[in-house]
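The values are calculated or read from the model by the stated rules, or taken from the named source; none is laboratory data. It should be emphasised that the depicted structure is a prediction, and the values quoted were computed from it without experimental measurement. Positions of Cβ are backbone-derived with ideal geometry, glycine not excepted, and every protein chain shown enters the neighbour counts.
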Amino acid sequence: MNVAFPTLILFLVLLPGFLLRNGLKRAERSSVDFSPFGQVVATAVLWAVVAHLAWMGLSYSCFSRAFEPSVLMHLLSSVPASQTKAAQAVGEQFTWIAFYFVSLFAASAILPIFARRAISTYRLDRADSRWSGIFRFHDAPWYYLLSGVDFPEEEQPDLVFISAIVEVAKEAVLYVGVLDDFYFDSDGQLDRLILQNVSRRPLAKDKASTQVEGADKERFYPIDGDYFVLRYSEAVTLNVQYVKLTAALPQDDSLPDETV
Amino acid sequence: MKALKSKLASELLADPAASEQLRRFLVNREVSGQRRSPSSGAFVVRGKDGVVRVEATIVPKAAKAA
């Protein structure tokens, strides 16, 4: 069997960078990453350099093990004699080198999960955060729109209200409801919205400016059921509103039961 | 992906009466040209922690939202 040994070594050296990059990304598509190839490789190589520097520093400070660049250079060399000599050096310290790579791969896969969680928890990716240039997940626009994370913490809304126009039997129908969940397709496009508390009415029944608000009860039809699935591809337009709820102190049952 | 929904909002939606009031409030908001500013509605939520009075307000979009 003929193995391109230098290529294999290069793959192992760069793999932590790709693991870190993929783990840190919050992308809404799950199929192919359409980022430009150069950008993907440049980011991964940069992350690989950072990861190796951190791991080599750690191994030197904790275990007094120093990296020998000459061994790596000989491994990547195309001269068989040079490769053999370097392979012998690696073989003598195989356990240690294997531990280095296995622990680095594990850290590259696990650490981004905690890093991403910290970014979201401390809201470092908010649009007007001073760190957003570094930490904002630019491949997840729907996430920012529908999760409300761009609001300041004290103004954070409590729910998202959706209005969508859908063509049903060649008639435009307005659906309104509270957003519960949303899903993406493999290309990162919004696939479907799960709504609660849904009502609908034909768009033709738009209210005249002189009509009183109470008449809405007759124009909108509540839709029975706990959840309503709205396919984004069937929506002509989508309107998003944020609702803030403010709770007063608990009161007795004598409170008025009607909307003010 | 779970949408934005606070614990208070979940409690409100779990209470049929309050949920219906919220629905009517939001439906009334759909009247073009007649929106009150700021628009708000008050509801009584009967949850497991007792009775809570909740005021709902439509908030503007975040300054630099996506």
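So the values come out like this:
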item	result
Residue in segment A:121-128 that is hydrophobic (A, V, I, L, M, F, W, C) and more than 7 Å from chain B (Cβ to nearest Cβ) present	yes
Qualifying residue in segment A:142-152 (condition: over 25 Å from residue A:23 (Cβ atoms) and in contact (Cβ under 8 Å) with a residue 40 or more places away in the chain)	yes
Subset tally (residues that are over 10 Å from residue A:202 (Cβ atoms), within 13 Å of chain B (Cβ to nearest Cβ) and not small (Gly, Ala, Ser)) for segment A:159-179	9
The listed residue being more than 7 Å from chain A (Cβ to nearest Cβ), surrounded by fewer than 16 Cβ atoms within 10 Å (Cβ to Cβ) and at pLDDT 85 or above, out of B:37, B:10, B:32	B:10
Residues satisfying the stated conditions in segment A:1-32, i.e. surrounded by fewer than 15 Cβ atoms within 10 Å (Cβ to Cβ) and at pLDDT below 75	A:1, A:2, A:3, A:4, A:30, A:31, A:32
